[in-house]
Each structure stands twice: as C-alpha cells, then as structure tokens.
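Here the structure is laid out as structure tokens; the discussion comes afterwards.
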Amino acid sequence: MKLYYVYIVRCSDETLYTGITNNTQRRIKEHNTGKTKSSYTYKRRPVELIFAQEFREVEQAILYEKKIKKWSRKKKDALINGNENKLKYLSECRNATHYKYKPE
C-alpha cells in the first residue's frame, strides 16, 4: 500500500511551504537541490522538514494540504508545535456575523 504525506518545510527566509508527496526524504532532497527553478522554495534554500502527516488515501492528503495552505502562520505554528488547544482557539470563528444572535 502506498502512503502519502502532507509536509511543511521551513525555508531559509523563515517562511513555510506546505506540500504533498509519497516520499518525504526524496522530496526534501529535491527542494534542497533546486530541481525546479520556478518553485517557491528554489530561492529559499535550504529547507528543513518540520512537519509531516501520513495518509493512506491520496484524496485525503490533497484535501488536508489545501486546507493547511489557507491557514494563518499562527495556526500552522500551532500545528507544527502540537499545540492542540491553541489550534482549536485559532480555528474559532471571530467575525461579526458569528455573534449576530449572541444572547444579551
């Protein structure tokens, strides 16, 4: 059975890059050797693997990757650090419409 990984790397400029692969060691090596000049990480090498989550189904991995890419830096940091409480807090809705029916 093939496994898939959603991963996050820290780039040399301290930015984070999220991707998907079926082989994290190979993929990190590709990032660090500059395999693709047009990639986000090409000018931000070296990169360091700081998070990886394993999936059995590629569809689930793709959905998770897309979800994480939309997250704020604070939320990604909470995930990377395993801070579940902070991740839950940062995931709460805080816009005005959320409190429209707030009891007084």
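Here the dipole of segment 41-88 is about 440 debye; that uses its Cα centre as origin and unit charges on the Cβ of Lys and Arg (positive) and Asp and Glu (negative). Taking each residue as 0.36 nm, the span from ARG94 to LYS35 lengthens on full extension beyond its C-alpha to C-alpha distance by 17.1 nm. Each residue of segment 77-88 was assigned a 3J(HN,Hα) from its phi angle through the Karplus curve 6.51 cos²θ - 1.76 cosθ + 1.60 (θ = phi - 60°); the sequence is 4, 4, 5, 4, 7, x, 8, 4, 5, 5, 4, 5 Hz, with glycine and proline shown as x.
Under the convention that each Lys and Arg Cβ holds +1 and each Asp and Glu Cβ holds -1, the size of the dipole of segment 1-53 around its Cα centre is about 260 debye. With only the Cα atoms considered, the chain has a convex hull volume of 141 Å³ per residue. Could you work out the longest stretch of the chain that avoids the trypsin sites (Lys or Arg not before Pro) located in DSSP loops with at most 14 other Cβ atoms within 10 Å? Of all site-free stretches, the longest is 3-34.
In the chain, the calculated helix contribution to ellipticity at 222 nm averages -10500 deg cm²/dmol per residue, counting -39,500 (n - 2.57) for every DSSP H run with n ≥ 4. Distance from the alpha carbon centroid of segment 1-24 to that of segment 27-68 works out to 3 angstrom.
Backbone geometry of segment 9-26 corresponds, through the Karplus equation with coefficients 6.51, -1.76 and 1.60 at θ = phi - 60°, to 3J(HN,Hα) couplings of 10, 9, 8, 4, 8, 6, 7, 10, 10, 10, x, 9, 7, 10, 8, 5, 4, 4 Hz, x marking Gly and Pro. Neighbours of SER12 by Cβ distance under 15 Å: Lys/Arg scored +1, Asp/Glu scored -1, total +1.
Can you give the % of DSSP beta bridges in the chain that are antiparallel, to the nearest 5? Beta bridges within the chain, antiparallel portion: roughly 100 percent.
At full extension, GLU84 and GLU57 could sit 7.3 nm farther apart than now, given 0.36 nm per residue minus the alpha carbon distance. Ordering LEU63, GLY34, ALA78 by Cα displacement along the dipole of the chain toward the positive end leaves GLY34 in first place; charges were set at the Cβ atoms of Lys, Arg (+1) and Asp, Glu (-1).
Any read-out appearing in this document is the output of simple, stated calculations on the displayed coordinates, not a laboratory observation. From a predicted model like this one, the values you see are computed outputs, not experimental measurements. Every residue, glycine among them, receives a Cβ derived from its backbone with ideal geometry; neighbour counts consider all protein chains shown.
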